[in-house]
Amino acid sequence: MNTTETLIDNLTEELKPRKKLAHPLARALPWMMVAMAYVAGIVNYLGVRPDFAAMLQDSIFLMDTGLMAAVSISAALSAAWLCVPDMRGVKWLVAVPFTLLATFFAWCAIVSHVDGFSMPDMHWDHCFNDAMMMGFLPAAAIMFLTLRGATTKPLTMSLMSVLSVAGLGYVGLRFTCMMDTIGHAGMYHLLPFVVFGALLGAAARFVYRW
Amino acid sequence: MKPSNTNTPATQAEIWQDWATQAQGGDKRAYASLLKEVSPFIKGAIIGGLANPDWADDIVQEALISVHKSLHTYSPDRPFKPWLMAIVNFRRTDFLRKHYNSRGDKKTSLDNADFLKSHVTNPTHSGELKDVERALGGLPAKQRKVFEMMKIQGFSAKEVANEMGMSVSAVKVSAHRTMNKLKETLG
């Protein structure tokens, strides 16, 4: 008997009934609800920006928060589908958050060209703390969600996880912080998530090893 | 899954789909049949693209272990082959990356006279303890520990599996591969 046959015998011997992984949509929706409720709670705790009602009439504000919310939702869905080795045949799904993110950056480039970039001085800003607070539970929850799957694309999975958290955190920060310049948003609202993404990306093969 | 009210024979894909579904429910016979049928299929699918056909068995075994670990992610309403091939391609890429990262393609056999002259302390005694230790030293730490515990210290596969947090099958495969690697290295 060769090694493969022995292995098959051992694997067969070890087989136990398995609880099937729920449909990706059924796994992503609870994450979205929990993460959105959590971020809403943090926004409420930190205090909604005083000009929030006026900002709801501002097309730039609506466009960038809308885009990042869409990035977050589509990335969370992609992460849930990536838990299945063949993504249930919808590999194109990962293109959606990437396209939305590219649109967001193009939008930022246009806005900074018109209104200026306003690069802030680098210092420890309260937005860093707020970003970490907003990202903590959604990040922990998405890690819990994704680690129960079996992804064949660990790097894409880590990117999707980070984008889903970053998008939501960005929206939350836009609801609390009154600084609307692209420089501030890039430096203080996105940088904490970029760092989280870099760390998770570097460790992706280890984190999503199975 | 094959509709029961038709008399047309089930295709191979439908049979595999059925077996995989039954295996998820704990049916060992269906599972054994599935693994036995997919093994040659996997080997046939990957062997043409490998620089060394001997690697195919290693990749097949890795893929089977991965199928075992991820069986809960298979959905009976989906075809089985795309799910299987996603795992196979992932494991093949993983195997090749590890192989080339460890400079496996640069390693030489001790039958190579030039290598013996320049690298081996005593070419006429290749295979002695020092050479074995050196060969073991070149292995990844986890693989070396499994081999040492099982083949040198005499622990059983189950004991090693408990200690290392691995499955018994993975321990046996790891020890077997290490033995093959040592044979290959020491000639």
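Things to note:
- Residue list for the range A:171-183, filter: more than 24 Å from A:GLY41 (Cβ to Cβ) and either open to solvent by less than 40 Å² (accessible area, probe 1.4 Å) or modelled with pLDDT of 85 or more (or both): A:ILE182, A:GLY183
- Residue among B:SER70, B:SER33 that is more than 7 Å from chain A (Cβ to nearest Cβ) and hydroxyl-bearing (Ser, Thr, Tyr): B:SER33
- Residues within the range B:11-30 that are crowded, with 18+ Cβ neighbours inside 10 Å, more than 8 Å from every other protein chain (Cβ to nearest Cβ) and of a type in the set (S, T, N, Q), tallied: 2
- So B:TRP55, is it more than 9 Å from every other protein chain (Cβ to nearest Cβ) and farther than 17 Å from A:GLU5 by Cβ: yes
- Complete set of residues in the range A:7-28 that are open to solvent by less than 50 Å² (accessible area, probe 1.4 Å) and not in a loop (DSSP other than H, G, I, E, B): A:LEU7, A:ILE8, A:ASN10, A:LEU11, A:THR12, A:PRO24, A:ARG27, A:ALA28
- Residues satisfying the stated conditions in the range A:139-171, i.e. within 14 Å of chain B (Cβ to nearest Cβ) and part of a helix (DSSP H, G or I): A:LEU145, A:THR146, A:LEU147, A:PRO154, A:LEU155, A:THR156, A:MET157
The values are calculated or read from the model by the stated rules, or taken from the named source; none is laboratory data. None of these values were measured; they are calculated from a predicted model. Methodologically, a virtual Cβ is constructed for each residue, glycine included, from the backbone with ideal geometry; neighbour enumeration extends over all protein chains shown. The area values use the complete protein model at the heavy-atom level, side chains included, leaving out ligands, DNA and RNA. Shrake-Rupley method; radii C 1.70, N 1.55, O 1.52, S 1.80 Å.
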